[in-house]
Every structure is written in C-alpha cells, then in structure tokens.
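K.L.:
The structure that follows is given in the form of structure tokens.
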Amino acid sequence: MPTSPSYVNHTAQRNDTATAVPSVAVPGGVVDGQVLLACLSLDDSALNTITPPSGFSLLRTASTASPADVQSLHLFAKLAAGETGPYVFTLNGSAVRNSLIVVAYSGAKLPTIGQTSINSTNTNTGDPTTAIAAAITTTSAENTIVNFTASDDTGGVTAITHPTGYAERYDSAGGASNAVEFSDIAQSAAGSTGAVTTSIIGGTQVAWLVAMVALEPLDVNDGTYQLTSDLYF
C-alpha cells in the first residue's frame, strides 16, 4: 500500500541584494523520479514574469499590492531527471530582492494545478498577523501537504511560525528581503486540508502570500512501487 511522500532535502537562498537571476544548487540526495518543487518569492515586484530552469513548469502565481506592500510568489514543479544544477530562475524585469527554495520529495506524483492553491492579502494587518492558506481537497489517501509562506513588512524584522502539527523544513526570518518559511505534514485520509494558518510576527504592516501543494503518493504499480509475482508449480 502506498505511503505518504517523504521529504528528501532542499536548497534555499534569500537574496537581500537585488538580482535578476536567483539560483540554488540541486538538493542533496535527489535521484531521478523524485518531485522537485520550487517556490520563488519576489520583494517589491508584482509584474515580473519568470523563466524557470529546464523542466520546471509554472503551477501558480499571485501577487499583493498597495497599501501594505507589493510582492509576488511563483510556484513551479518538475520530475527529477539527471539533475546537475544550479537552478537559475531569470526575472524578465528589473532586479529585485527575492527568496528561492527548491525542495525534493520521494514517492510522489507530479502535482497538478488542482492540487495547489495560493492565498494572499494586501491589507495592513499589523503585528502579529495570521496568514490563512486556501484549502485543498485531496481525492486520495496518504498525501503530503506542503505549505510555503512568504511575508514582507514596512516596519520591522518579520518572523514566521509554521502551522500547528507541520514539520518545519526552512525559515528565513529577518533580513531585507521577504521572509519565507516552508513546512509539511502527512494527511492520511482523503478530504479537505481545512484552514491552515501561519503566524507572522514582527512587522508593523504585513502583506503575505501562502502557497499549498498536495503531493499524491505513487500507486503500487507506479515507479519504485512496481510489484512483481512469480508462481511456480
């Protein structure tokens, strides 16, 4: 029987100095067939379009606006195949501060757009504030739910606390660029992820974006779970 996809490793870079070509190395331990998710958040930019590295496809993108702050989040995915890196994402616009994460999961199918969501606010929400993810309804058991939260502020250093029950994998709190955190949890039964909330602390005026991905497990006859049977009489 399939089990929930497993976190393998990630690489991440917060660029507090503006750049138009953010990049990271291949996460350690990646092998062919694993799912790679890339989350790129841009500070003070809602209009940039992104040219991703070969093989990565855009799943979702969203942006915030005034009065709180302008920032955007872009979510990509691919199946690992002979990965060498580095992964360079090209911004088709001005150089901006940004944060980039690439994370690998084993035992997962490549997600579809319907297995993702992005929610955001451009309201001056104060300190602290709660970022609320848009729920995803899974149609199979043993999914792994991945949560990416990005936040910027106009008056202080931002820290992000991961959702209750989730395992935190990365947190880039503080700095001049937008803070980013990602975490995950296994969801054993099919159904809605429900309201998933992240706490953002430290900014006087906070805008945020939250991306969610539901990773389905490989079926017993898919990939590494292929079964064979030999009968002897």
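Each reported figure results from applying straightforward, stated rules to the coordinates on display, with no laboratory input. Here the structure is a predicted model, which means the values were calculated and not measured.
K.L.:
Could you derive backbone 3J(HN,Hα) for region 99-107 from the dihedral phi with the Karplus parameters 6.51, -1.76 and 1.60 (θ = phi - 60°), listing whole Hz in sequence and x where the residue is Gly or Pro?
P.N.:
Per residue, the Karplus-derived 3J(HN,Hα) values read 10, 10, 10, 10, 10, 10, 10, 9, x Hz.
K.L.:
Hey, can you grab everything whose amide H is under 5 Å from the amide H of residue 138? Only 5+ residues off in sequence or another chain; H modelled, so Pro and N-termini drop out.
P.N.:
191, 192, 193
K.L.:
Would you kindly derive the ³J(HN,Hα) couplings of region 145-151 from the backbone phi angles with the Karplus curve 6.51 cos²θ - 1.76 cosθ + 1.60 (θ = phi - 60°), listing them in order in whole Hz, with x for Gly and Pro?
P.N.:
Those phi angles translate into 9, 10, 10, 10, 10, 10, 9 Hz.
K.L.:
May I ask you to evaluate 6.51 cos²θ - 1.76 cosθ + 1.60, the Karplus curve with θ = phi - 60°, for each residue of region 70-79 and list the ³J(HN,Hα) values in order in whole Hz, giving x for glycine and proline?
P.N.:
In residue order, the calculated couplings are 9, 7, 9, 9, 10, 10, 10, 8, 7, 8 Hz.
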